Amino acid sequence: MLCKAVRPLVRAAAPRVQTRTYAVLSEDHSAVTYNRKGDQVAAAPSIVKTVTQTASGIRIATVDHLGPVSTVALVVKAGSRNESPDAPGVAHFFKNSLVRNVPGDTITRTVRETELRGDTLYAAHTREQLIVASDFLRDNLVDAVPLLFENFFNTHHYPYEFLHTRPHVIEQASASLADPTVKVFDSLHQAAFRHGLGNSLFATAPAAKALKRAHLHEFAAKYFTADRIAVVGSGVAHKDLQPLVEEAITRFQDRFGKSSVSVPVSKFRGGEIRIEAGPKAESHYAVAFPAVAFSDPLYPAALVLRAILDGSKRAKWGNASGSAGALASAATAKTSVTAFEAAYSDAGLIGFYVQGSNSDVKDSVGKAIAALKETASKVSEEALSRGKKIAIVDAESALSRDVAIQEIAKQVLVKGDVAVPADLAAAIKKVTAADVQKVAKTATAAKPAVVAYGNLLKLPFADELSI
């Protein structure tokens, strides 16, 4: 039974009375004053981050925000970029196979007990990770950790389970790629990197039908090694998680070898992909340039550059493309233009996404490219200040529970440490105009990756643009 240390009692500060005066006049033309009373937090609770490593080489990373809800994930540094040419889609297929019958127990009881506890249990995959995770109340940690290990390292993959998984994988891929935005970004990675990070996230019907159980076993044997595994906890006390992980490891000790596989570095190459969607389809046009990896010292500058370019709507009643970003002038009444940034362990992307009327695309893309080039030559103090604020807000607001787990895992598996939002905010504040210009200059000096989706007879080719 896991014993938890009792936290010392901290008395709340005495309530403070706040007075706010508004520019509202009463009948006698005097200001109306509102008094607000209530408990005010003297200081936000400090976040406790801890990283350790077990004797077998598995990393354990926790970021404890002292809340009542916890998330624990078992993450392997292996995603779609690690697929071989003979088994495309194996990462997607494996993700759908992570939660199933385990020796001595069934998926039915696993699901039933998870629901009765009020927990969640889910699997996910990215271009660089395979994840099985659970959300639960802090006291249920003792049940969650063994469950994750039992499912992740379950080698009993029976033929009927494999055949049952295949149609679900095909349906997921089909439904995901039916979304033009998902299709465009998946194709954009292919145009940018070709292989590795350019591999599709999804196992299409032809790919899924060609996979065999042997491909899954081969993938696990190559990449499910101690040096590529991390156990990540959010809202978890490290002293509570570590003994549970070490106890679970003893049951699977024989499966934790060291990886002998070298993963090629993904290089940005650029290119063009055109996807016909019919004469009446809405146009989607994405242009991406090389950026930096998330471990690069210039990564905060890349976030600020995206924020400076950003044309996304930041007010409920505002224009879809915003009004303050450098890309705002590229938008029209029928066409929106937004900036994006994606960072991986050894490469990154930055660019813009145009969506809307066929007739506006070429002009909007041209103005967006001009805005990026202008940023490479000059960044005003006003734009830099605005960009830093937006980058800090967006960096934290984008961290949903599952994304936060992925961020912690990718940092600890690549850098061996974890940066909490406060650390990233501090790094963003130190970004200079020269840093932003350096990222922009590197981007605009390269041949871009371009994806056109819609009525291709009306969409410009990459060589028709002033890039």
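Worth a mention:
- Here E407 fulfils each of the conditions (1) crowded, with 21+ Cβ neighbours inside 10 Å; (2) over 20 Å from I229 (Cα atoms); (3) under 15 Å from the mean Cα position of the chain (by Cα) apart from (2).
- Filter pass, T108 being more than 25 Å from K415 (Cβ to Cβ) and either β-branched (V, I, T) or not assigned by TED's automatic domain parsing to the domain that holds A221 (or both): yes
- Every residue from the stretch 270-302 that is under 21 Å from A368 (Cα atoms) and under 23 Å from the mean Cα position of the chain (by Cα): G270, H284, Y285, A286, V287, A288, F289, P290, A291, V292, A301, A302
- Per the listing P290, P300, P264, the residue uniquely of a type outside the set (A, V, I, L, M, F, W, C), at pLDDT 90 or above and out of contact with any strand residue (DSSP E or B) (no Cβ under 8 Å at 6 or more places or on another chain) is P300.
- Identity of the residue in the stretch 109-133, over 30 Å from S84 (Cβ atoms) and touching a Ser or Thr at 6+ places or on another chain (Cβ under 8 Å), that ends up surrounded by the fewest Cβ atoms within 10 Å (Cβ to Cβ): T120
- Filtering the stretch 415-433 to residues that are assigned to a helix (DSSP H, G or I), in contact with a helix residue (DSSP H, G or I) (Cβ under 8 Å, 6 or more places away or on another chain) and at pLDDT 90 or above leaves L424, A425, A427, I428, K429, A433.
- Residue within the stretch 396-416 that is aliphatic (A, V, I, L, M) and in contact with a Leu (Cβ under 8 Å, 6 or more places away or on another chain) present: no
- Put simply, of V436, V393, V412 the only residue that is loosely packed, with under 14 Cβ neighbours inside 10 Å and assigned to a helix (DSSP H, G or I) is V393.
- Test: A443 is outside any loop (DSSP other than H, G, I, E, B) and either assigned by TED's automatic domain parsing to the domain that holds V76 or modelled with pLDDT under 95 (or both): no
- Only listed residue being under 24 Å from the mean Cα position of the chain (by Cα) and modelled with pLDDT of 90 or more, chosen from R228, R213: R228
- Against the criterion of being in contact with a Ser or Thr (Cβ under 7 Å, 6 or more places away or on another chain), crowded, with 16+ Cβ neighbours inside 10 Å and in contact (Cβ under 8 Å) with a residue 24 or more places away in the chain, V418 does not qualify.
- Residue within the stretch 196-206 that is surrounded by 20 or more Cβ atoms within 10 Å (Cβ to Cβ), in contact with a Phe, Trp or Tyr (Cβ under 7 Å, 6 or more places away or on another chain) and outside any helix (DSSP H, G or I) present: yes
- Here the strands (runs of 3 or more DSSP E) wholly within the stretch 1-97 that include at least 1 residues being under 29 Å from R401 (Cα atoms), modelled with pLDDT of 50 or more and within 35 Å of the chain's Cα centre (by Cα) are 48-53, 59-64, 69-76.
- Among (1) under 16 Å from Q437 (Cα atoms); (2) over 20 Å from the mean Cα position of the chain (by Cα); (3) modelled with pLDDT under 90, the one test that G318 misses: (1)
The values are calculated or read from the model by the stated rules, or taken from the named source; none is laboratory data. On a predicted model such as this, the values are computed, not experimentally measured, just so you know. Reconstructed Cβ throughout: ideal geometry from the backbone, glycine too, with neighbour counts over all protein chains shown.
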